[in-house]
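The values are calculated or read from the model by the stated rules, or taken from the named source; none is laboratory data. On a predicted model such as this, the values are computed, not experimentally measured, just so you know. Positions of Cβ are generated from backbone atoms using ideal geometry, with glycine treated the same way; all protein chains shown enter the neighbour counts. Each accessible area value is taken on the protein alone, full model and side chains, heavy atoms only, with ligands, DNA and RNA left out. Shrake-Rupley method; radii C 1.70, N 1.55, O 1.52, S 1.80 Å.
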Amino acid sequence: MSAEPRINDRIRVPEVRLVGPSGEQVGIVPLAKALELAQEYDLDLVEVAANARPPVCKLMDYGKFKYESAMKAREARKNQAHTVIKEMKLRPKIDPHDYDTKKGHVVRFLKQGDKVKITIMFRGREQSRPELGYRLLQRLAEDVQDLGFVESNPKQDGRNMIMVLGPHKKKTEAMAEARQAQEARKADAKANPGRSQNAAEADAAEDVDVDVEAVDVEAVDVEAPAEAPAEA
């Protein structure tokens, strides 16, 4: 059965309860009279409650109504917050440079309002020293405590140790701030057309979320394909 309401000549009942263009109640009128009023107002007669007795019909611009409904649905999808868990993998004896790089990715994910699953991978004799992984996870949690909190405490899972960080900022807030920042950069570019090419390229790069270090391990309504995690 079509979800589209019946309009104009498609309405097949002897009489309808008519609602005017501004929402006023006209009352029960013959279908012919309702169609005549629709022509006078240059509007459509739209059946809005088919199961009522008699059916309720409203005078409206149906094309405009459909367009506005589609725009509202599009805006709702645009503002929809997706639940995403990113994963970052580290080794117990990670060197300082790699640690700073990985921490930078964790910071970015938390700023975006995403959760982050931190996995410490033990190999060989490292499995006999789980305290190394525990201390590393504690250090990371302390380094990013302004942006996130420990949602799931470190726990051993086979050869791995896992901890989950949750963001202080809600996903919807992060999305709104990202849009504001992007609009501000665009406005600045228009106001300062003489900016260097390097500055413009740097701004454009910030709008592209490309990451070869992490992977989405859990996502709802995420269209982009997940990327493979890289080991430290």
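Note on segment 25-78: residues that are within 16 Å of Asp9 (Cβ to Cβ), touching a residue at least 40 places away in the same chain (Cβ under 8 Å) and open to solvent by 70 Å² or more (accessible area, probe 1.4 Å) amount to 0.
Considering only segment 104-113, I want to know if a residue exists there that is under 17 Å from Lys171 (Cα atoms) and outside any helix (DSSP H, G or I). Yes: one or more hits.
Considering Gln138, Gln127, Gln112, the condition of being surrounded by fewer than 21 Cβ atoms within 10 Å (Cβ to Cβ) and in contact (Cβ under 8 Å) with a residue 60 or more places away in the chain is satisfied by Gln112 alone. Count of segment 79-92 residues, restricted to those that are touching a Leu at 6+ places or on another chain (Cβ under 7 Å) and either open to solvent by 60 Å² or more (accessible area, probe 1.4 Å) or not in a loop (DSSP other than H, G, I, E, B) (or both), is 1.
Tell me, which residue of segment 94-109 that is farther than 30 Å from Ala176 by Cα and of a type in the set (D, E, K, R) is surrounded by the most Cβ atoms within 10 Å (Cβ to Cβ)?
Initially, segment 94-109 is screened for residues farther than 30 Å from Ala176 by Cα, giving 94-98.
Now narrow it down to the ones that are of a type in the set (D, E, K, R): 95, 98.
Details: Asp95: 10, Asp98: 13.
Per the criteria, the residue is Asp98.
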